[in-house]
1. Is there any pair linking a residue in the range 163-187 that is free of Cβ contacts under 8 Å to residues at least 40 places away in the same chain and more than 19 Å from ILE202 (Cβ to Cβ) to one that is of a type outside the set (Phe, Trp, Tyr) and loosely packed, with under 15 Cβ neighbours inside 10 Å, with Cβ under 8 Å and at least six apart or on different chains, and which?
2. Can you tell which of ARG254, ARG206, ARG238 is among the charged types (D, E, K, R) and at pLDDT 90 or above?
3. For the range 175-192, which residues satisfy the criterion of being under 30 Å from the mean Cα position of the chain (by Cα), hydrophobic (A, V, I, L, M, F, W, C) and crowded, with 18+ Cβ neighbours inside 10 Å?
4. Could you please let me know if ASP340 is closer than 30 Å to LEU24 by Cα and either assigned to a helix (DSSP H, G or I) or β-branched (Val, Ile, Thr) (or both)?
5. For the range 187-206, check the following and say yes or no: at least one residue is in contact with a Lys or Arg (Cβ under 6 Å, 6 or more places away or on another chain), outside the structural domain of GLU80 (by TED's automatic domain parsing), among the hydrophobic types (A, V, I, L, M, F, W, C) and farther than 16 Å from LEU109 by Cα.
6. Could you grab the pairs with beta carbons closer than 6 Å, sequence gap of 6+ or different chains, first residue in the range 221-244 and polar (S, T, N, Q), second one modelled with pLDDT of 90 or more and assigned to a loop (DSSP other than H, G, I, E, B)?
7. Among the listed residues ARG11, ARG51, identify the single one that is surrounded by fewer than 16 Cβ atoms within 10 Å (Cβ to Cβ) and among the basic types (Lys, Arg).
8. Sort out which residues of the range 261-275 are farther than 9 Å from GLY243 by Cβ and touching a strand residue (DSSP E or B) at 6+ places or on another chain (Cβ under 8 Å), and write them in order of number.
Amino acid sequence: MQSTIDEIKKRIDIVEFIGAFVPLKKAGKNYKANCPFHSEKTPSFMVSPDRELWKCFGACQDGGDVISFLMKWENITFSEALKELAQKAGVALESFSFEDRQWKEKEKLMQMNAFAAKYFHFLLMEHQAGDKARQYVKKRGLNKKLLETFLLGYAPQSWDSLIKFLKKKKYKDEDIVQSGLAIKNEKGRLYDRFRGRLMFPIINARHEILGFSGRLLSSEAKEAKYVNTPETPLYHKRETLFGMHVAHEAIRERQAAVLVEGEFDMISSFKHDIKNTVAIKGSAVTRDQLMLLKRFTTRVILALDADFSGAQTTLRAIKDAESMDFRVDVIQFDSGKDPDEALQNNPIAYKKTLQKPTPIYDFIIDLALKRHDPQDPYGKKEIAVQALPFLHSIANPIVKGHYMKKLADILDVHEHDITSMARTFDKESEKKRVYQRTRNTSPDDRYSTLQKYILAVLVQSDHTLKVCSTIASQIQPEDFSIPAYKNIFTYFIDYIHSKENDQKNFNLTSFTATFSDPLQAILDELFLFDLSVVPTMDEHDTEKTFHKSLLELKQYALRSRIKGAAQNIHDADSITALSRKLAQVEKELRIL
């Protein structure tokens, strides 16, 4: 099996594969991007074609090969990812079975959710317990076909009817609680989470039921209008969109996704043939939801509630969408408080609005103009303060130039004044970047980073042995405080001084293949290391940066030895000699 897995990975270019999901940019021998698995402004996601690996050096710290990337991106199991990649690579996959405990756990939860959905659906469609719910959905304009398409159901006003039903299906108490369908009280007794509610199953593009959202039938009740499945191994609210099971093909075909807030907004849109609509289930569009949509399109149209919270939602999503290369538009409607009401009142007007949405950056400028007076000097300032952070973050220079000029024309000021004000955001960002990368770095962290940087330059270079000789002219293995780094450098030094030294035919992959597994793991990190993260980095003079880093590493090593020698009263001569070397190194550093 391992040989088959290796063959699959060999046939799939990891840069090309990941690049289809994430916009990668060349960074030396590697490629980098903003990590697709968490929100960040500075790229920390690295892909190494040489090692066929990826890694995030930012918040999530995830990494692996092409298989693990697909598993995380699609939220699928190892076996599912392997089957998909085998098909893509044209490799026959022999019959196999995986003892995947985590997957079996998820499968059990999915089956339980499927039973619960059928139970709720039956009560709504056929049982007398669902009479009030049937009257409610009829009032909301939902016909039988819609109820079946979305598998809507009804949770009865009972404390344990679902629990009893699931126990008949042989599910244990702990399984039912883990699914989120039941809650255990302080006395250890279980009760149904959803009671007296219209039930919306949350179904993904694979037609798997991940969880539920339950809505009260009466607005007069004192309970929360909506109750959702809590976070489970299956359901993660930030990663889900209601209606994906019926919308994903239309989104791909129409190359746009219409985002609404609630389930009724989505179902009404589907009813009126706006089938590329999904609901964000809340007031905030998340990066995870955008990641999910990016599998099908790079354009989103926001059709959110026509109130201030909708505008806030729009603004929070913009920077994430821009960093992921989405085109974002907004529709503003006045025939209802939300898309559901607007479609009931005037579907023709709503559809016309949808055909001519407002580009997001025009919407931002319009929003600022509604809040401040463009004729007043201080009003102009506030409009610029509100709009510029978003306009300045536009990646495309032509689009950015268009909106900078537009804002200048609206405010009747010189375009230079707008660009000058925008540059202050660059300065603030640079101050924060420098502060984070230098002031927050302890001496020990800096020492460690320098060691990693120098070895990363070594293994990422096209002239490995030449670089090794340069390092050896300044640094000795004992200058490395981290044993693994010291061992790796020692291997290279030993090779240079050995009879086997053959610079012309040297092959780094073959040379490092003999390293132990722990050192292989360290090598993976060195191959993926972003060489631009060293605070003293001079983008215009990488040789100077490298030389300065060697001297700085030597400086740390000498200080460490002096500190050690100072503990021995008989080492006065050693301290003197080391201090002279340190003074020389510090002199060279001052000159640079």
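The values are calculated or read from the model by the stated rules, or taken from the named source; none is laboratory data. Everything quoted here is computed from the prediction, not taken from an experiment. Methodologically, a virtual Cβ is constructed for each residue, glycine included, from the backbone with ideal geometry; neighbour enumeration extends over all protein chains shown.
1. ASP173/LYS184
2. Details: ARG206 fails: at pLDDT 90 or above; ARG238 fails: at pLDDT 90 or above.
Going through ARG254, ARG206, ARG238 in turn, the sole match is ARG254.
3. Of everything in the range 175-192, just one residue is under 30 Å from the mean Cα position of the chain (by Cα), hydrophobic (A, V, I, L, M, F, W, C) and crowded, with 18+ Cβ neighbours inside 10 Å, namely LEU181.
4. Details: closer than 30 Å to LEU24 by Cα: no; either assigned to a helix (DSSP H, G or I) or β-branched (Val, Ile, Thr) (or both): yes.
No, not satisfied.
5. Within the range 187-206, one or more residues are in contact with a Lys or Arg (Cβ under 6 Å, 6 or more places away or on another chain), outside the structural domain of GLU80 (by TED's automatic domain parsing), among the hydrophobic types (A, V, I, L, M, F, W, C) and farther than 16 Å from LEU109 by Cα.
6. Qualifying pairs under 6 Å: THR229/GLY180; THR229/TYR235; THR232/GLY180.
7. Numbers: ARG51 fails: surrounded by fewer than 16 Cβ atoms within 10 Å (Cβ to Cβ).
Criteria check complete, one pass: ARG11.
8. GLU261, GLY262, ASP265, ILE274
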